[in-house]
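> Mind looking over this structure? Questions follow.
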Amino acid sequence: LFLGPTLEAVDTDGDGTISPAERQAARASEFKAIDINPTDGYASLAELQTWTDGKIAARFTALDADASGGLSTAEFAGAATDRQAVTANNLFKLADTDQNGVLSQAEFTAMAHLAANPIFPFAFMDANGDGQVSKAEFTALPPRPNHPWRAGQPG
């Protein structure tokens, strides 16, 4: 479940690739959104969890095209095709715990928390092990290999 900005939002010059400067600017902006206590200059796990919760809620709202308060399979899968569509349908079935054919916000949030659990990336970003992530630690990391920002970039 990708919660970050799209390739289009990061590719500020519109050339179809993400330059190191564009990546750095996007990561700095994301860090600013996460660090709700900007006077300390660090993002805590709690701040990252709060940011993740907000992104999950916004993603649910964006997917809920008919504003029904629940997601249909079609809304959840969107334009996914081939293997992505199979994966989306499998996730939907697993997340639909009451098996009513609609994902409630609670079901979506529970599923998204598993997919977007900030504990693992937080531990990875905290290079010095101090229990906090500095802006330098946050912005230094390249996106994961399957990250949308890597489109057009060497692996």
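The values are calculated or read from the model by the stated rules, or taken from the named source; none is laboratory data. From a predicted model like this one, the values you see are computed outputs, not experimental measurements. Don't worry about glycine lacking a Cβ; one is built from the backbone with ideal geometry, like all the others, and counts go over all protein chains shown. These accessible areas exclude ligands, DNA and RNA; they are computed on the full protein's heavy atoms, side chains included. Shrake-Rupley method; radii C 1.70, N 1.55, O 1.52, S 1.80 Å.
> Give the residue, chosen from 85, 79, that is open to solvent by less than 30 Å² (accessible area, probe 1.4 Å), over 18 Å from residue 140 (Cβ atoms) and modelled with pLDDT under 90.
85 is the lone residue from the list that is open to solvent by less than 30 Å² (accessible area, probe 1.4 Å), over 18 Å from residue 140 (Cβ atoms) and modelled with pLDDT under 90.
> Related question: In the stretch 92-141, what residues are in contact with a helix residue (DSSP H, G or I) (Cβ under 8 Å, 6 or more places away or on another chain), among the hydrophobic types (A, V, I, L, M, F, W, C), surrounded by fewer than 19 Cβ atoms within 10 Å (Cβ to Cβ) and modelled with pLDDT of 85 or more?
94, 110
> Which residue is least open to solvent (accessible area, probe 1.4 Å), if the candidates are limited to the stretch 25-74 and must be farther than 26 Å from residue 128 by Cα and in a loop (DSSP other than H, G, I, E, B)?
64
> Something else now. I'd like to verify a number: residues in the stretch 1-13 that are within 27 Å of residue 77 (Cα to Cα) and open to solvent by 50 Å² or more (accessible area, probe 1.4 Å), how many? If you could, list the steps in order and put the result at the bottom.
Residues of the stretch 1-13 within 27 Å of residue 77 (Cα to Cα): 1-11.
Next, only the ones that are open to solvent by 50 Å² or more (accessible area, probe 1.4 Å) stay: 1-2, 6, 8-9.
Number of matching residues: 5.
> Condition first: part of a loop (DSSP other than H, G, I, E, B), free of Cβ contacts under 8 Å to residues at least 40 places away in the same chain and under 15 Å from residue 63 (Cβ atoms). Now tell me which residues in the stretch 82-116 satisfy that. Steps first, answer last, please.
Step one: list which residues in the stretch 82-116 are part of a loop (DSSP other than H, G, I, E, B), which gives 96-102, 116.
With the extra rule that they be free of Cβ contacts under 8 Å to residues at least 40 places away in the same chain, the set shrinks to 96-102.
Those that are part of a loop (DSSP other than H, G, I, E, B), free of Cβ contacts under 8 Å to residues at least 40 places away in the same chain and under 15 Å from residue 63 (Cβ atoms): 96, 102.
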